[in-house]
Amino acid sequence: MFFTISKVIHISPSSIRRDLTHLESQGLIQRDHGGASVLPCIPGMVPFLSRMHEYKKEKSSIIREVSEIIKPHSTLYIDSSTMAMDIHQYLSSDMNLTVFTNNMLLAHLLAEKKIKTYCIGGCISKRNEVITTGNYALEMLKNIYVDFMLFSSSALSADGIISDLDEDETAIRKLMLSHAKIKIFLCHHDRFGKNAPFGLTDIHCLDYIFSDFDFPECFQERYANVAFIKATSINNN
C-alpha cells in the first residue's frame, strides 16, 4: 500500500507510514492489511483547523447574532471552540473591549484589529494545537472576571446537560462560567440530543443559547429562564 501511494503523490513510503500512524492515533482512520479507511468523526474530535471549515455559514450566522448583544466597554471571555472564532469579524477597536481567550489564533486575529486581548498561557493542547489548557491556564483565569462568556461544547443532551470530549477544556470552561455575569452558549444543530464524557453544566445557569435551529417547544418551556435565539439568516460569504 505504502509504495502505491508513494508513486501517486511522490512522497516516500516511510513518510506515508508515519502520517497514517499519526492519523490512526487521532482516531481519524482505521488501518488494515489492505489499506486504510476514514472513520466517522465525533464532533470536536476533528483537528481544530479542519473543524473551522465545518458548517461555516451556519456558525457565522450564529455568531453574528451574538455580536449584536455585546456592549461597548465590556470584558469578554471567548472559549477555544471554532464556533466562537468568527466573532472577530464583528468586533472593532472603537468598542473598547477587553477580551480573554485560550485560543491563540483568535487572539492573533483580535490583536490585529487593535482590540485589547489577553491570550491565556498554559500547555499547548495535543489535540488542538492553537489552544492552551492545563494548570497554568487555570491559575491565570482564577483572577479574571468578565461581563460576557461565549462558549460552545461537543454535546447538549435532551435533559439539558452540556458536556464535552476534552477534560482540560471542560475545566477551563467550568471555571469561567463561575466568573462571568452573562453566559452565552453557542449550539449548532449537530450537538443537540447528544452526550459526551465530561459534564460541564446544566443549562439552567445560562442566560442565552444561540443556535441555527428551533429547539423543541417543551425544551424551551422547561428552561424558561434562558433566552433561546435562533440565527435568522445565513451568511453567504
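A few notes on this one:
- Candidate set from the range 188-201 (those that are open to solvent by less than 50 Å² (accessible area, probe 1.4 Å) and among the charged types (D, E, K, R)); member that is nearest to ASP159 (Cα to Cα): ARG191
- Matching residues in the range 156-166 - criterion: being surrounded by 22 or more Cβ atoms within 10 Å (Cβ to Cβ) and assigned to a loop (DSSP other than H, G, I, E, B): ASP166
- Looking across the range 129-155 at every residue that is among the polar types (S, T, N, Q) and surrounded by 22 or more Cβ atoms within 10 Å (Cβ to Cβ), the one that is nearest to ILE63 (Cα to Cα) is identified as SER152.
- Out of GLU139, GLU129, sole residue that is among the acidic types (Asp, Glu) and part of a helix (DSSP H, G or I): GLU139
- Residue within the range 211-227 that is closer than 19 Å to SER80 by Cα and either open to solvent by 10 Å² or more (accessible area, probe 1.4 Å) or in contact with a Cys (Cβ under 7 Å, 6 or more places away or on another chain) (or both) present: yes
- Considering (1) farther than 27 Å from ASN195 by Cβ; (2) surrounded by fewer than 22 Cβ atoms within 10 Å (Cβ to Cβ), the lone condition that LYS126 does not fulfil carries the number (1).
- Pairing each residue of the range 63-88 that is at pLDDT 95 or above with any residue that is assigned to a helix (DSSP H, G or I) and of a type in the set (Lys, Arg), provided the two are 6+ apart or on different chains, yields C-beta distances under 9 Å for ASP79/ARG173.
- Residue check for PHE210: closer than 18 Å to ILE78 by Cβ, in a strand (DSSP E or B) and under 15 Å from the mean Cα position of the chain (by Cα): yes
- Top-ranked residue in the range 167-183 [being open to solvent by less than 40 Å² (accessible area, probe 1.4 Å) and in contact (Cβ under 8 Å) with a residue 40 or more places away in the chain; ranked as nearest to VAL226 (Cα to Cα)]: ALA180
The values are calculated or read from the model by the stated rules, or taken from the named source; none is laboratory data. Note that the structure is predicted; figures quoted are calculated from it, not measured. A quick note on method: Cβ atoms are made from the backbone with ideal geometry, for glycine too, and the neighbour counts reach across all protein chains shown. Ligands, DNA and RNA are stripped out before the accessible areas are found, and what is left, the full protein with its side chains, is counted by its heavy atoms. Shrake-Rupley method; radii C 1.70, N 1.55, O 1.52, S 1.80 Å.
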